[in-house]
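Here's the structure we're looking at; comments come further down.
The values are calculated or read from the model by the stated rules, or taken from the named source; none is laboratory data. Every value quoted in this text rests on a predicted model; they were computed, and no experiment measured them. Here the Cβ positions follow ideal geometry from the backbone for every residue, glycine too, while neighbour counts run over all protein chains shown. For accessibility, only protein heavy atoms count, side chains too; no ligands or nucleic acids. Shrake-Rupley method; radii C 1.70, N 1.55, O 1.52, S 1.80 Å.
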Amino acid sequence: LYGAFRSPGVLEHIGALNTRDGSYRNLGDIKRGMLYRVASFAFDADSGTAFFTNDNHALRDLMALDVKTGEQRVLFKDARIGDLVFNRHDRSLLGVRHHNGMATLVRLPPPYDTWYRVHDFAYGVVPSDLDISPDGKHLSASVAEVNADQFVRVWELSKLLAGDVKPFSEFRFGQSVPESFVFSRDG
């Protein structure tokens with residue numbers, strides 16, 4: 001299990017936990033972890049690359065870490081991109097960029113040296129907890145509206161990337177915050 005970890009007395013870090021025997025490896029430090037989520041994290045199992053955010057209390061850097069060698073590299077300094085999700089079908093990353101009070105869905109295709117704006121959400125509309133279905137066809141997100149209403153919304157990814165931002169499904173939670181929704185293995 002790869003992820004961003006916080007333990008008492010230990011600097012926040014990317015780690016690898018063996019779920020069979022409980023052994024653990026610290027793979028690299030995180031600068032300025034967030035309070036509850038530590039960092040935004042996405043993983044490419046095919047290449048063994050962990051993508052994560054660093055300097056989370058400032059302008060948020062986007063990092064890549066080879067989990068086998070421990071080699072880290074900065075993809076973007078001060079990118080303000082978080083809520084990362086990896087699309088296994090085209091190897092792209094999607095994330096949410098925050099700038100001047102606005103949230104923008106962005107896409108970063110390999111080799112992750114540039115990002116593209118997919119959609120600027122209206123002021124006060126903030127997506128988080130992104131997930132992509134196993135078949136790569138759908139994107140889900142928890143979405144907070146400016147009036148504090150909360151939703152889980154699902155888009156057809158190809159339509160969203162083409163500019164159609166109308167979700168094909170949504171569930172309204174009132175003012176209860178939906179968290180950690182993910183697609184099941186069967187989509």
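Give the number of residues within the stretch 136-146 that are open to solvent by less than 90 Å² (accessible area, probe 1.4 Å) and over 18 Å from the mean Cα position of the chain (by Cα).
Number of matching residues: 1.
Does GLY15 fit the bill of being touching a Phe, Trp or Tyr at 6+ places or on another chain (Cβ under 6 Å) and more than 30 Å from GLU156 (Cβ to Cβ)?
Values: touching a Phe, Trp or Tyr at 6+ places or on another chain (Cβ under 6 Å): yes; more than 30 Å from GLU156 (Cβ to Cβ): yes.
It is true that GLY15 is touching a Phe, Trp or Tyr at 6+ places or on another chain (Cβ under 6 Å) and more than 30 Å from GLU156 (Cβ to Cβ).
Kindly indicate which of ARG25, ARG6 is out of contact with any Ser or Thr (no Cβ under 6 Å at 6 or more places or on another chain) and open to solvent by 100 Å² or more (accessible area, probe 1.4 Å).
Numbers: ARG6 fails: open to solvent by 100 Å² or more (accessible area, probe 1.4 Å).
Every option except ARG25 fails the conditions.
Working only within the stretch 150-176, note down all residues that are part of a loop (DSSP other than H, G, I, E, B), closer than 17 Å to LEU130 by Cβ and open to solvent by 100 Å² or more (accessible area, probe 1.4 Å).
PHE168
Could you list, in sequence order, the residues of the stretch 28-53 that are in a strand (DSSP E or B) and open to solvent by 20 Å² or more (accessible area, probe 1.4 Å)?
Passing the criteria: ASP29, PHE41, PHE43, THR49.
Given the structure, is ALA103 open to solvent by less than 80 Å² (accessible area, probe 1.4 Å), assigned to a strand (DSSP E or B) and farther than 19 Å from LEU139 by Cβ?
no
In the stretch 56-79, what count of residues is obtained for those that are in a loop (DSSP other than H, G, I, E, B) and crowded, with 18+ Cβ neighbours inside 10 Å?
Of all residues in the stretch 56-79, those in a loop (DSSP other than H, G, I, E, B) come to 56-60, 67-71, 77-79.
Those still in the list that are crowded, with 18+ Cβ neighbours inside 10 Å too: 56, 60, 67, 79.
Looking only at that region, the number is 4.
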